Amino acid sequence: MPLFRTALRAAGVLVLAGALTGCDGSLFAPTNGPPVTAPPAKAAPEGGIVPPSPESDAMRAYYTQISAALLDQGLLRQDVAPRDAPFSARQLVDNFVRIALYDEYTAHGGNIIARESVSHLRRWEKPVRMAVEFGASIPEAQRAKDRASISAYAGQLAGATRHSVRLASPANFTVLVLNENERRAIGPRLAQLVPGIDATAIRAITNLSPATFCVVFAFSEGNAPTYSRAVAVIRGEHPDVLRLSCLHEELAQGLGLANDSPRARPSIFNDDEEFALLTRHDELLLRILYDRRLTPGMTEAEARPIVETIAAELLGGDS
């Protein structure tokens, strides 16, 4: 999960529209990352794990350095209800509007560019069923740890949203944990997971800059404001805290909180990387998003009065 979050709403080539969010480490990372030219990953022998490539080893060293630098700066905090970051109902409302009803990135000329735009409320209406897929070079111990983390976090998201979210099959939300070569070769699998996915979305994943730590695409059918599929990509080279931070941000953003706000605190939906884990503030944003008084497709003008009522109820009228 990186340092500068993004959100994209773009029309698919066929019947899909997608929202992309991601984390970008350019604010803290060195100007130049490790070499990123990587040949396709070798297939794993049956029942075995392939060794990571030299490119992946370089990426692992790079992200270990980045993680240490962030921690040295007092970032990637893991306290979820910090006393030094109080927030009012008014702040909660403003943060919700900015994070849930605006997009930070857009598709233009086959590329993704930073351009904030007004959007509308989007979320899942059907149950969210998550699955985890690993690249061939991800060790078994790491796979077990990641599955446990994602399963536990799915339960936390279900509790926050009061919407059905869990690991199950068949899945409509796939989490891909991939090392460098595996991610660059993942295009055919993306086409299987999301029939009709466009080339821009595939390039955004396979050509991911080292400055971007992780991404998630949430897709809807046509112009519908409800999601039907999502794919998150987590770099397998991340050390533990950066890896968990990625999971927390991307899976939450894949539920509909697609934007970031520099004013949101304490929050993972901010580009400053102060917090690594979903905070109480963020759980309230999810609770608001999935409140049945709100309807997918609502604009800010339609949603804000309802959000104000919900926020006052959640925080006891504290303004």
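The values are calculated or read from the model by the stated rules, or taken from the named source; none is laboratory data. Quantities reported herein were computed from a predicted structural model and do not represent experimental measurements. Because the Cβ atoms are built from the backbone with ideal geometry, glycine has one as well, and the counts that use them run over all protein chains shown.
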Where residue 293 falls short, out of the listed (1) of a type in the set (D, E, K, R); (2) surrounded by fewer than 19 Cβ atoms within 10 Å (Cβ to Cβ); (3) modelled with pLDDT of 95 or more; (4) under 26 Å from residue 105 (Cα atoms): (4)
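Please return the ranges of helices (runs of 4 or more DSSP H) entirely within segment 211-319 where 3 or more residues are under 14 Å from the mean Cα position of the chain (by Cα). Spell out how you get there, then give the answer.
Numbers: elements: 240-253, 280-289, 300-314.
By residue number, 240-253.
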Test: residue in segment 181-191 that is in a loop (DSSP other than H, G, I, E, B), closer than 30 Å to residue 69 by Cβ, of a type in the set (S, T, N, Q) and touching a residue at least 60 places away in the same chain (Cβ under 8 Å): no
Selected residue (criterion: nearest to residue 120 (Cα to Cα)) from residues of segment 296-313 that are among the β-branched types (Val, Ile, Thr) and touching a helix residue (DSSP H, G or I) at 6+ places or on another chain (Cβ under 7 Å): 307
Residues located in segment 136-167, provided they are on the phi < 0 side of the Ramachandran plot, over 19 Å from the mean Cα position of the chain (by Cα) and assigned to a loop (DSSP other than H, G, I, E, B): 136, 137, 138, 139
Residue check for residue 284: surrounded by 20 or more Cβ atoms within 10 Å (Cβ to Cβ), in contact (Cβ under 8 Å) with a residue 12 or more places away in the chain and more than 26 Å from residue 60 (Cβ to Cβ): yes
So residue 103, is it closer than 24 Å to residue 229 by Cα, assigned to a helix (DSSP H, G or I) and either at pLDDT below 95 or of a type in the set (Asp, Glu) (or both): no
Residue tally, condition hydrophobic (A, V, I, L, M, F, W, C), in contact (Cβ under 8 Å) with a residue 24 or more places away in the chain and closer than 16 Å to residue 88 by Cα, over segment 287-319: 6
Only one of 158, 144 that is modelled with pLDDT of 95 or more and surrounded by 15 or more Cβ atoms within 10 Å (Cβ to Cβ): 158
